[in-house]
Each structure stands twice: as structure tokens, then as C-alpha cells.
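What follows is a set of notes on a single structure, which appears directly below.
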Amino acid sequence: MNKSDNGIKSLYELNLKVFSSSSPSEAAGHLLNAMGKYAGKGPRIYLSSEGGSLKAACFMPESLANQMASFKIPARIIEECPSGALLSGQAPPELDNLFKALDTDDIYIFPAACRDKPAGFFILKKSLNLKYTARDISLFKLYGLWMAQYMHIYSQKERIKKNKAGINELKNMKNNFSSLISHELKTPLTLIKGFTQLLLEKKAGPLSRRQESFVQKIKDSASGLYLTIENIIASTENRSLGKVTEKEKINISELIKECCREYKKKFENKNIKCKIKSDTDIPPVNINKIKIKQAFGSLLDNAVKFSSPGGSIDVLVKGRGDFVQVSVIDSGKGIDKKAGEKVFESFYQCQQPKTRGIEGLGLGLSVAKSIIEKHGGKIEVGSAEKRGAELKFILPLKRVS
Amino acid sequence: MSKIMVVEDDPTTIILLKFLLEEKKYEVAVKKNGKEAVDSVKSEVPDLILMDVMMPEMDGIEATKIIKEDPDTSSIPIIILSALSQEMEVMKGLQAGADAYMVKPFDLNNLLKQIEEKISGV
């Protein structure tokens, strides 16, 4: 191809454009542009066909395709063409009306057929004089092939989208079901556990030895039932694969403070003040110490990266009932809503113009997310009304049963 | 005498919680769903709210959000009691502003401890 092809400098480039189009119309546009220089040529009808499931390749803009559909181009037009044949002369009678509508009676037609189903046609309007060279023809063939491939991929994509939507709907139904079951089973269990506990603590009056023993049996039975229910519910949920090994009971408050101490140098380098505020008396967490340190370190790295020199980082450790919540608030520019969840995607930082130039790959937060989730926790961007960004995660606490 | 608002629709659970709390000398006000809680929180001004999640009319998450977003009531500690233990649900509750999230079935003494901590503002 030479440079007069409307800016597309190579077949490769055209290929890229066609396959990165978001619709057949857009892809068509690229093809048409590339073919622009041929647009006045032709006195012939050219049907191209290839072996295998791809009979011919061609394309047309959506609006035109709709028109074609209403003309009911019979499939035999494709079938009847031997490979690489050039049909000269008059157009088949079925196409008469179409040509009248296009105000032409001499065209190049490339039917696009993917697996024998015509998906569209590519039409070059008539012109006089010019001949198509063999090279032109093979280029047309290529273009048409690409186009048909593209349309095939596009329809697959559409199908995948539909499936995804269906799967999401199923997921939602399953989650709702799971929640409902959870609630219906665990509520009575709560009551059994609660009332037996009150009885055993003699809060409803004294118990005979035998009564106490019987109530204890009810309580133990309920504990067993609870474990069974947990197992059933867990098996219906999609937990992230990969278990965390080497867990131990850790005082999370101490761990966080230890981590911050290790970051002292990094803080000092940027003249950042780090303040830790922690609840006391938080029950222990059951975690892999090294991994959680890694995860929290990523949050600190992130905070240091985005805090301006002389700024501050606040670390909060709060007991939240059956969970502990750790927040890291920096004094940088903050995270806008749209970026929200995306910050946990690998390499996200690299793609954002604002953060390019700040060192690092942007892998840290996605790894942190994975670690936290494998521990049964969750990490999110906080509702930051304050200056700077807030990243917070929760971890389940060891429950006293 | 600290007042605790219990927002819960299951009658037997109400009996359990009421007994537990009154035994510890808390004053208990019961609301049957999120909407009742939201409508009465300003006039009753509880010292703490125990909030169930799955309720008709308005669920606990929404009620928590509304109460926490209102500057007149945002300082009232809210403990969510829920059968749902998935992290996403917990995050939802905490992001809505809850001060604690306890998963059913909870240990009664744990619950009392949490109530004590949150009321005294620890």
C-alpha cells in the first residue's frame, strides 16, 4: 500500500484498526477509508471466494446492510462464484433494484460470509476506465477476509456479553439466595444460643443439675449445627481460591505499629509525619503475619507516594465488633470517585496521566487486595471527605464462641 | 441510665435482646424496622442503636446511612447485628457509618462488651 491510502500506512495498521473497532460500522469506515482510492473504479462485479468456511470477504456499512437485507440477496450469489472469478458485464437481476437505489449498475461486490452466512456486502461504486490490477484484487480479498473475521469476532463478543449478563444475573440470584438462607438459618440459631446461654448463666433463675446438663446439650447441639450451616453456606459461595497458610494469632495493633516503625526512614525522607491511633483491647486476628505486613506496607507505600513533602499520614486501627478496621489516610490529592475501585487493578497507576512519573508499577495495591481477601477481609477506598485519600481494610477477628 | 434503641423485626430476638439489656440496667426502646428507627431517633435520642439488617420497609444499612449522615444524630453509635458475614456486606455496613458489625449468632457477652465500649466512646 502506498501513502495515498488516507493515512493508513500499512496493512498491519489497517488490520489493527479494523479489529479494534467497536462495531462493524466503525470497522467498515476504516475499510472504506483505506479503499477510498479505489472508490471510483470498476466496471465490474467481483466476487471473491476462499476455501473452507469463509466463502468470501466483504463488508458494508450498517445502513447499507439493512438495505441489502431488504433486497434479500440470495446466498447462491456467493456459492456460484468460483474462486477468484471475475464476473464482468451485467449485474444479476436480483441486484437491479439495489443498483438503482445506489444509482449505479456496475459495482464490485464483496459478500461477507462467515460460515456460509452472508453477513454483509462491500460495494464499490462504478467508475469508468480504470482496471483493477491483480494486486488490487488480492488486496480486496484480504480486506474482505479481515472484515468477515471481524464480524465473526464481533458477534462472538456480543454473545459473550450476553452470557456475562446472564451469569451476573445468576450470581445475583445466588447471592440473594445465599443471604436469605443465611438469615433464615442463623436467626433461630442466634436465639437458641442466646437463650441457652442465659439459662446456663442462671439469669432466668436457678437450674437443677439435670436441667443444666440438658440445656448444655442443647447448646452443644446448636454449636454443631452452626458449623454445619457455615460449611453449607461457604460451599455455595465463590471464595477466592488459594488458602492462606501459616496463620497465627496476632495483635493487629502491635503489628501495625511495628510496620509503621519500619517505615520511619521512608517517612523522614519526605518529611512526612505518621500518626497512629489505635483502639486498645482488640481481640487477636488469625493471619499470616508476613503477608498482612506486605499488604499494609503497600498501603503505606501508596500513602508516601502520593503525600506531598511535609504532609501527614494518619493510621487508624479500630475495633468494629467482629472485625477490625485499619485505615490509612494520606495528605495527597485524593482519589476521585471514578478511580475508586480501579486503584486495586494491577498497573492501574501506569495508565493514568496524573500518576505517571511517580515511581513504581502500581502492582502493590492489587497484591494487597488479594492478600486481604484471602484472609476473609475486604479493602476499599474510604468515603473521603477529608483531604487526601483514605484506603481501608477490614479483617475478621478471632471469635470467642 | 443509658438508653438503647433496638431495631429488629423478629419478636423472639427482641425478647432475647430486651432481657439481656434490661438485666444490665439499660433502658430499651424497640423499633420494628429501619423506617421506625429513622422517624423516632431524633425525638428519642438513644445512647446507642442495635441495628438488624434484614427488615421490611427499610433495611438496616439504609437506616444507618440516614442516621449517620444527619449531623443531629451522627454521633449515636450504631452496632449492626447481621446474619450476613460476607466481607462485602460488612464493608457496606461500615461504609454506611456503623461503629461495629457483629455477625449472628453472636456471643452475648461479646455483644455486651461492644455496647459498653461504644457507649463510653472508647
Per-residue Cβ neighbour rank within 10 angstrom, fewest leading, A:THR228, A:THR187: A:THR228, A:THR187
Label-point separation, A:ASN163 to A:GLN216 (7 Å along Cα→Cβ), nm: 5.7
Residue of B:ILE61, B:ILE79, B:ILE15 that the Gaussian network model of chain B assigns the largest fluctuation, springs spanning Cα pairs under 10 Å: B:ILE15
Within-10-Å neighbourhood charge of A:LYS392 [Cβ basis; K, R +1; D, E -1]: 0
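If we sort A:171-179, B:49-57 on the protection proxy, mean other Cβ atoms within 10 Å, highest first, what's the order?
On the way: A:171-179: 13.0, B:49-57: 22.2.
Listed from highest to lowest mean packing, they are B:49-57, A:171-179.
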Environment charge at A:GLY166 (Cβ cut-off 14 Å; Lys +1, Arg +1, Asp -1, Glu -1): +4
Residue-count net charge about A:ASN251 - beta-carbon cut-off 15 Å; Lys, Arg +1, Asp, Glu -1: +3
Peptide-level mean, for B:7-20, of C-beta atoms on other protein chains within 10 Å: 3
Sorted by Cβ neighbour density within 10 Å, fewest at the top, the residues A:ARG320, A:ARG261: A:ARG261, A:ARG320
Range in chain B, longest, excluding exposed trypsin sites (Lys or Arg not before Pro) [loop by DSSP; at most 13 other beta-carbon atoms within 10 Å]: B:26-122
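No value in this document is a laboratory result; all are computed from the given coordinates. Remember, predicted model here, so these are calculated numbers, not experimental data. Using ideal geometry, Cβ is built from the backbone for each residue, glycine included, and neighbour counts are taken over all protein chains shown.
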